[in-house]
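Asks: Would you mind keeping the following structure in view while I ask a few things?
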Amino acid sequence: MATSRQHQIHEQRLHKMVKTMPFYVEEFIDDKLDHRSPSTLLNYLHDYKLFFEWLIAEGIVDCREIKDIPLSALETLRLESAQSFFKYIQRREIPVGKTETKKPEKVSINRKISALRSLFHYLTAQTENEDGEPYFYRNVMQKVEIHKVKETLGARANKISAKILHDDDDLLLVEYIKQQYIHEMPENSRQRTYFLRDQERDVSILSLFLGSGIRVNELVNLRIKDLDFRENLIHVVRKGGKKDTVVVVPGAMEDLKGYMRIRNERYHADDDDNGFVFLAKRQGKGEPLSVRAVQLLVKKYTKAFTKNKSLAPHKLRHTYATKLMEETNDIHLLMRQLGHTSTTTAALYSNPEQEKAKQAARLLDNRRSKNTD
């Protein structure tokens with residue numbers, strides 16, 4: 001199986017960043033490389049970088065470069081200092097856009113604790129020095145408590161429901177890009193020129209998200225050989241490198257056909273079976289479309305359509321999943337389509353208790369109306 005382009009990018013960034021780390025972090029990453037994805041390990045490195053920078057800034061280590069932080073600094077780190085670091089990341093303001101900030105979410109804090117726990121566990125239990133002993137034994141991170149985010153299944157389902165397209169808005173969004181969006185741009189503008197070039201591609205992308213429920217990385221890594229127009233199927237690579245086949249809504253495949261008819265001419269591409277399906281035109285030739293580019297175009301179109309809020313590609317996946325459950329009430333079909341292995345996760349897209357509560361509220365409101373009359 002050919003390594004995906006996104007996988008390659010993560011690997012390149014991982015190898016570049018790990019060179020700035022102390023030797024023991026390099027050993028840790030090398031040990032985990034065959035068992036964890038490059039994107040996961042890259043996230044670990046970003047968490048370690050934040051931790052090491054804090055150690056230097058607070059004067060806990062007498063170093064100027066992260067690479068020079070000794071093992072002894074981790075071995076002798078006091079619990080009070082470790083707790084102070086997590087208080088620091090919990091209270092800091094994270095930039096959102098140009099002027100706004102927000103506090104980090106609990107899941108982000110917990111991820112950083114878990115990342116550091118993994119490193120400290122490796123150093124105290126899985127390493128071996130010349131005497132056959134671990135690098136050190138004292139694991140201060142084991143004393144740091146993870147506060148789990150308490151949230152019911154219903155609450156999680158409600159969150160998903162609040163951030164998706166409802167009723168027929170999924171269909172109307174696609175029609176909006178086909179028919180109306182162009183009229184909201186100035187005549188003879190560069191924006192209009194680019195839209196006319198990319199319209200079929202962008203329609204196809206949104207239609208495919210809403211007609212198959214695939215993830216954004218699965219979409220950008222689609223190759224021409226992965227498309228089966230006769231059976232309305234696409235072949236994708238799921239998390240963990242697992243190959244899978246997804247059934248696509250026929251209308252979405254028709255939109256994809258429309259894009260494929262103009263793909264080669266508009267983006268200076270060919271019909272090579274291994275060629276990426278979705279392209280951007282850069283310096284006169286077709287280049288694979290990036291995850292970030294897809295996220296931005298989904299955000300742009302959904303904000304223009306709703307007039308007030310933008311959606312990420314994952315919310316279009318949630319929209320598809322919710323519609324599928326509404327039509328079929330088949331959780332096992334949903335699991336297969338989304339590549340889920342847990343019925344608990346799949347159940348988030350079906351929220352019968354909320355519907356019962358809404359129906360009960362309507363009945364109670366009817367009683368109020370009668371008494372008022």
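Asks: Quick test for you: out of Arg317, Arg223, Arg230, Arg238, pick the one residue that is open to solvent by 70 Å² or more (accessible area, probe 1.4 Å), on the phi < 0 side of the Ramachandran plot and among the basic types (Lys, Arg).
Replies: Numbers: Arg317 fails: open to solvent by 70 Å² or more (accessible area, probe 1.4 Å); Arg223 fails: open to solvent by 70 Å² or more (accessible area, probe 1.4 Å); Arg238 fails: open to solvent by 70 Å² or more (accessible area, probe 1.4 Å).
One residue alone meets the criteria, Arg230.
Asks: Another question, if that's okay. Taking segment 6-46, which residues are in a loop (DSSP other than H, G, I, E, B) and open to solvent by 60 Å² or more (accessible area, probe 1.4 Å)?
Replies: Result: Lys19, Thr20, Asp34, His35, Arg36.
Asks: Restricting to segment 303-314, name every residue that is at pLDDT 85 or above, under 21 Å from the mean Cα position of the chain (by Cα) and open to solvent by 40 Å² or more (accessible area, probe 1.4 Å).
Replies: Step one: filter segment 303-314 for residues at pLDDT 85 or above, giving 303-307, 310-314.
When the remaining residues are screened for being under 21 Å from the mean Cα position of the chain (by Cα), the result is 303, 310-314.
If the condition is that a residue be at pLDDT 85 or above, under 21 Å from the mean Cα position of the chain (by Cα) and open to solvent by 40 Å² or more (accessible area, probe 1.4 Å), then Lys303, Ser310, Ala312, His314 are the ones that fit.
Asks: Inside segment 160-206, can you point out the residues that are buried (at least 19 other Cβ atoms within 10 Å of the Cβ), touching a Lys or Arg at 6+ places or on another chain (Cβ under 7 Å) and under 11 Å from Thr319 (Cβ atoms)?
Replies: Hits for segment 160-206 are Ile164, Asp170.
Asks: So, one more: May I ask you to verify whether Leu50 is crowded, with 18+ Cβ neighbours inside 10 Å, touching a residue at least 12 places away in the same chain (Cβ under 8 Å), touching a helix residue (DSSP H, G or I) at 6+ places or on another chain (Cβ under 8 Å) and of a type in the set (A, V, I, L, M, F, W, C)?
Replies: Criteria not met by Leu50.
Asks: Sticking with this structure for a sec: Tell me, which strands (runs of 3 or more DSSP E) wholly within segment 180-290 include 3 or more residues that are touching a residue at least 60 places away in the same chain (Cβ under 8 Å) and not basic (Lys, Arg)?
Replies: Correct list: 243-247.
The values are calculated or read from the model by the stated rules, or taken from the named source; none is laboratory data. Given the structure is predicted, the values throughout are model-derived calculations rather than measurements. Using ideal geometry, Cβ is built from the backbone for each residue, glycine included, and neighbour counts are taken over all protein chains shown. Remember, those area values only see protein heavy atoms, side chains included, never the ligands or the DNA or RNA. Shrake-Rupley method; radii C 1.70, N 1.55, O 1.52, S 1.80 Å.
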